[in-house]
Amino acid sequence: MIQVEALTKLYGEFVAVNALSFSIQAGEVLGLVGPNGAGKTTTLRCLAGIIPPTRGRIHVVGHDLALSPIAAKQQLAFFPDEPRLFDYLTVWQHLNFVARIYQVANWEHLATPLLEELEIADKRDQLPGELSRGMKQKLAIACGLLHSPRVIYFDEPLTGLDPLGIRRMKDSILKRARAGAAIIISSHLLHLLEEVCSHFLILKGGQKVIHGTLGEIRLQFSEQSGAANLEEVFFRATIEPPIPPPIVSETPHT
Amino acid sequence: MISALCYLQYHSVRNRLLARFRRLKQPKYLAGAVVGGVYFYFYFFRWMFAGRGRHSLAAGAATPLDPQLYELLGAFLLFVVVLLAWVLPHQRAALAFTEAEVAFLFPAPITRRGLIQFKLLRSQAGIFLTTVLLAFLTNRFGIGGKMVIHLAGWWLMLSLLNLHFLGSSFALTALMDRGLAHWKRRLGVLAVVLAGVGVVVAWAVRALPPLTADRLVDLDAILDYARQVLVSGPLPYLLYPFRLVVRPYLAANPLDFLVALGPVLLLLVAHYWWVMRADVAFEEGSVEAARKLAEKVAALRSGKWSGGGRKIKSKRAPFALASIGPRPVALLWKNLLGAGQAFTLRLWITLAAIGVGVSFGLHGASAESSWRLVAGSIAGMMGIMLLMMGPQIIRQDFRQDLPQSDLLKVYPLRGWQVALGEILAPAVILTGVQWLLLLVAAGGFWRAGIDLSSALLLAMTVGAAILLPMFNVISLLIPNAAVLLFPGWFQTGKDAPQGIEATGQRLIFALGQLLALVVALVPAGGVFVGILLLFKFWFANYAGSLVLAVPIAAAAATVVLTAEAGLGIMLLGWLFERLDISAEPAA
């Protein structure tokens with residue numbers, strides 16, 4: 001569903017992403033993790049077609065994003081960390097607009113249950129300025145899901161959601177994956193990723209440190225303890241070896 | 001403690017300036033700074049110290065009475081400003097802090113006095129900037145020379161006003177806390193003012209020759225009367241404190257300035273003491289003010305030019321948008337919805353009032369003109385103005401959607417489709433309004449006794465109507481291309497170009513836009529003139545043939561404009577696809 005070959009993004013001389021390659025199959029959920037500045041958001045923006053990569057190729061559902069952007073983008077949805085909405089459009093008008101952009105026939109029949117599922121059906125005539133942050137995020141999600149994308153990217157999807165919203169979001173991600181969508185989630189919330197992701201890609205300094213299932217990356221980074229969780233694996237993968245502790249004098253303090 | 005606050009202020013200003021200087025490494029910002037610098041030099045700086053009577057129109061025409069008149073006029077204006085500060089406010093006192101300052105300073109062990117001192121210190125940055133700007137303006141357009149005196153004079157006035165505003169806001173809050181209603185306070189202030197006005201009127205009636213009906217139509221007589229009221233009688237005494245404040249600015253020489261300085265310094269000290277001793281809780285109001293400021297800044301950063309102040313209302317869609325059809329129409333639909341926010345009842349009332357006012361003016365200026373001709377002339381003038389300024393006024397295109405470029409890029413649309421969709425709304429709005437004005441103008445000129453046959457008027461109207469849509473698209477392409485080429489120049493909020501650099505960028509942009517428009521219109525203009533010449537060559541009755549020639553020439557020119565517009569939209573789409581707003585440096 002998603003195939004990335006030698007993706008490289010430069011900003012002047014700064015290498016944001018360096019020769020990144022990986023692929024995701026239908027039904028897989030990939031957790032994209034890494035410290036701040038690792039290149040996660042840049043990678044997602046390249047994969048969504050927002051910024052062109054400097055080098056490399058990206059295929060979405062078999063369509064080359066550079067050569068067939070329309071066919072590729074028709075299949076994907078991108079949810080940035082901050083919901084992007086148009087101030088002047090009501091909830092329902094947002095969906096009407098998106099339906100035309102993605103050419104969704106009978107969109108009303110899809111939009112109504114979608115709004116109900118996201119619990120914003122009663123807000124259909126309200127403007128984004130009248131919605132809470134969580135509601136705005138739900139509206140952005142409704143807009144992104146209206147055209148039934150087969151590839152979904154989430155950038156920090158849980159920011160601003162309440163505990164119930166977090167639970168619903170996790171369920172929704174898993175539901176889409178079970179329906180055959182390929183999903184990438186970029187987040188610093190490692191416990192969330194551990195719950196919903198089938199695969200992990202750890203980036204550092206724009207480069208791939210490791211890619212695989214939790215079991216596979218555990219094997220590589222937790223030789224001494226096979227039961228290491230994602231957080232421990234993350235630290236071992238991204239942090240330089242710790243400085244050995246100073247030698248403590250054996251002479252007891254008096 | 002105040003040293004920590006000084007440290008904060010010093011480093012905030014310093015770092016901001018350094019960031020702006022660093023941005024000058026980029027040619028586009030450097031070019032803006034250079035052009036802006038040249039503009040400011042030729043327009044303001046060279047007048048700074050060059051007054052000395054040479055460029056001073058006002059000084060040259062001075063009479064012995066003028067200094068006193070200026071002083072009283074200045075004092076009167078100052079009085080009005082101060083009066084408004086006592087009448088208008090209806091909120092609690094609030095010191096203008098940012099949200100970060102509220103978060104750091106309010107919980108910190110800093111006294112109220114420390115916070116007020118910090119606020120006063122920080123306001124000096126704005127006062128210095130305003131002082132320099134006002135000194136430039138007054139030296140450029142008013143009394144030349146004496147730049148140092150003017151700088152000092154403006155600084156004294158602004159600093160005193162700043163302290164007075166703060167003091168009055170504290171005093172009003174104290175009155176509010178004691179349960180005094182706003183209307184009672186306003187009534188009290190206005191009663192005092194009315195008492196003063198009564199004294200002046202009583203004196204004028206007794207001491208000055210009456211303003212009889214025949215003198216009321218003589219502007220000079222009215223001005224002379226006003227001058228006498230201002231410079232003699234009780235008014236100069238009533239305005240005495242305000243005269244003291246403007247006196248340093250109007251000092252003729254350094255010695256006069258020093259003499260005038262003493263009383264103003266005393267007033268400054270008295271105001272400082274008043275503000276420091278005021279025991280009023282300003283924290284609550286400041287937190288609210290900081291929140292509003294943060295909202296405004298956030299709105300500006302996300303490209304909302306209104307600064308988030310105006311409440312957006314949901315509007316009915318301009319037309320039903322089917323889910324299947326050309327995708328750019330979705331952007332047209334969305335932007336028309338956005339534009340609907342601007343077309344409020346207030347706007348229509350304002351436009352109607354302007355139209356009626358101008359009509360009366362024009363009709364009065366020429367008694368022979370019929371109302372129909374006046375209406376036609378106004379519509380024609382407005383149409384021409386809209387042709388030139390419309391693309392700058394109606395901005396429901398990339399200029400509005402630049403902050404949403406990430407969202408637009410995810411959509412399954414080619415770059416040219418996005419460009420077309422974005423351009424359509426302002427083009428449709430402009431064309432619609434222009435067609436309406438054209439119709440009114442044609443109706444006004446129709447058989448109105450002007451030297452233009454009805455047939456030719458109709459031909460010109462049809463020709464203009466054919467040309468307008470593509471002309472508008474071409475005009476709109478230029479500012480949109482500029483936004484995509486130089487997104488940094490169109491950033492808003494903290495990262496926006498400011499000061500000299502912004503002025504320079506605007507000048508370059510205006511010049512570039514004019515040049516690009518002229519270049520774009522040359523081929524179409526050539527075709528238009530060529531066809532008219534062909535008709536002249538072929539038809540013996542050239543004047544008669546114009547009825548046919550004008551619409552045909554307009555249609556041919558429109559074909560050329562359409563081809564140019566098509567190319568322009570392709571180029572705009574290509575620019576949009578290459579746009580990466582995140583690569584723009586912040587300042």
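The simple Förster model, with R0 at 51 Å and r as the Cβ-Cβ distance, assigns B:Leu17 and B:Ala540 a FRET efficiency of 0.10. Sparse packing (at most 13 other Cβ atoms within 10 Å of the Cβ) combined with a DSSP loop state is found for none of the GluC sites (Glu not before Pro) in segment A:71-143.
Sort A:190-196, B:121-127 by the packing proxy (mean of other Cβ within 10 Å over each peptide's residues), most packed first.
Numbers: A:190-196: 17.3, B:121-127: 15.7.
Going from most to least packed, we get A:190-196, B:121-127.
Candidate cross-link partners of B:Lys315 among the lysines, defined by an alpha-carbon separation under 21 Å and a same-chain spacing of 8 or more, comprise A:Lys123, A:Lys136, B:Lys304, B:Lys334.
In what order, largest first, do A:Met1, B:Met381 sit by accessible area if the probe radius is 1.4 Å? The partial results should precede the final answer.
Working: A:Met1 45, B:Met381 100 Å².
Per-residue accessible area, sorted high to low, gives B:Met381, A:Met1.
In this structure, the amide hydrogen of B:Ala322, modeled 1.01 Å from its nitrogen in the peptide plane, lies closer than 5 angstrom to no residue at least 5 positions away or on a different chain. Working from Cα pairs under 8 Å separated by at least six residues, relative contact order for chain A is 26 percent.
Where does each of B:522-532, A:32-42 land if you order them by average Cβ count within 10 Å, highest first? Walk me through the intermediate numbers first.
Numbers: B:522-532: 16.2, A:32-42: 20.3.
So the order, starting with the most tightly packed, is A:32-42, B:522-532.
On the basis of the beta-carbon distance and an R0 of 35 Å, A:Ala6 and A:Lys175 show a calculated FRET efficiency of 0.60.
Take peptides A:134-143, B:232-241, B:537-546, B:567-576 and line them up by average Cβ neighbours within 10 Å, highest first, as a rough protection proxy. Mind dumping the intermediate values first?
Working: A:134-143: 22.3, B:232-241: 15.8, B:537-546: 12.3, B:567-576: 19.3.
Peptide ranking by packing, descending: A:134-143, B:567-576, B:232-241, B:537-546.
A simple rule links phi to the HN-Hα coupling: the Karplus curve 6.51 cos²θ - 1.76 cosθ + 1.60 with θ = phi - 60°, which for segment A:87-98 gives 4, 8, 9, 6, 4, 5, 5, 4, 5, 4, 4, 5 Hz, with x for Gly and Pro.
For the peptide A:45-57, the mean number of other protein chain Cβ atoms found within 10 angstrom of a residue's Cβ is 3.
The 1.4 Å probe gives accessible areas that order B:Arg20, B:Arg178, A:Arg236, B:Arg447, largest first, as B:Arg178, B:Arg447, A:Arg236, B:Arg20. Remark: relative contact order (segment B:331-583) = 26 percent; criterion is Cα-Cα distance under 8 angstrom and separation of 6 or more residues. Accessible surface buried at the A:B interface totals approximately 3500 Å², computed with a 1.4 Å probe on protein heavy atoms. Full extension of the chain segment joining A:Arg124 with A:Asn106 gains 4.8 nm, where the gain is 0.36 nm per residue of separation less the Cα-Cα distance.
Considering only Cα-Cα distances, which of the following residue pairs are longer than 20 Å: A:Lys9/A:Lys170; A:Lys9/B:Lys409; B:Lys119/B:Lys184?
The pairs that break the limit, which is 20 Å between Cα atoms, are A:Lys9/A:Lys170; B:Lys119/B:Lys184.
Of B:Phe319, A:Phe200, B:Phe471, the residue with the largest accessible area leads and the full order is B:Phe319, B:Phe471, A:Phe200 (1.4 Å probe). Relative to the current alpha-carbon distance between B:Val522 and B:Arg578, full extension at 0.36 nm per residue lengthens the span by 17.3 nm. A probe of 1.4 angstrom, applied to the heavy atoms of all protein chains, finds A:Asp162 with accessible area near 90 square angstrom. Here the Karplus relation 6.51 cos²θ - 1.76 cosθ + 1.60, evaluated at θ = phi - 60°, turns the backbone of segment B:442-456 into coupling constants of 4, x, x, 7, 4, 6, 9, x, 8, 7, 8, 5, 4, 5, 5 Hz, with x for every Gly and Pro. Put simply, the amide H of A:Phe154, placed in the peptide plane, has neighbours under 5 Å in A:Phe79, A:Ile184, A:Ile185, A:Ser186, leaving out anything fewer than 5 places away on its chain. Residue-wise HN-Hα couplings along segment B:116-122, as the Karplus relation 6.51 cos²θ - 1.76 cosθ + 1.60 with θ = phi - 60° gives them from phi, are 5, 4, 4, 4, 5, 5, 5 Hz; Gly and Pro carry x. Amide H contacts of A:Ala19 (H built 1.01 Å from N, in plane; Pro and chain starts excluded): A:Thr8, A:Lys9 sit under 5 Å, all sequence-distant by 5 or more or on other chains.
On the basis of the beta-carbon distance and an R0 of 45 Å, B:Leu571 and B:Phe128 show a calculated FRET efficiency of 0.50. Per-residue SASA remark: B:Val559, around 100 Å² accessible (1.4 Å probe; ligands, DNA and RNA not included).
Taking 0.36 nm per residue of sequence separation and subtracting the Cα-Cα distance, how much length would be gained by fully extending the chain between B:Gln404 and B:Tyr43, in nm to one decimal? Working shown, then result.
Working: separation 361, 0.36 × 361 = 129.96 nm, distance 3.77 nm.
Gain on extension, B:Gln404 to B:Tyr43, equals 126.2 nm.
Within segment B:369-441, report the chymotrypsin sites (Phe, Trp or Tyr not before Pro) that DSSP leaves as loop and that have at most 12 other Cβ atoms within 10 Å. Please report the intermediate quantities before stating the final value.
Numbers: sites: B:Trp371, B:Phe398, B:Trp416, B:Trp435; in loops: none.
Here no loop site has a sparse enough neighbourhood.
The values are calculated or read from the model by the stated rules, or taken from the named source; none is laboratory data. Everything numeric here is computed off the predicted structure, so don't read it as measured data. Cβ atoms come from the backbone with ideal geometry, glycine included; neighbour counts cover every protein chain shown. Heavy atoms of the whole protein, side chains included, go into the accessibility calculation; ligands, DNA and RNA do not. Shrake-Rupley method; radii C 1.70, N 1.55, O 1.52, S 1.80 Å.
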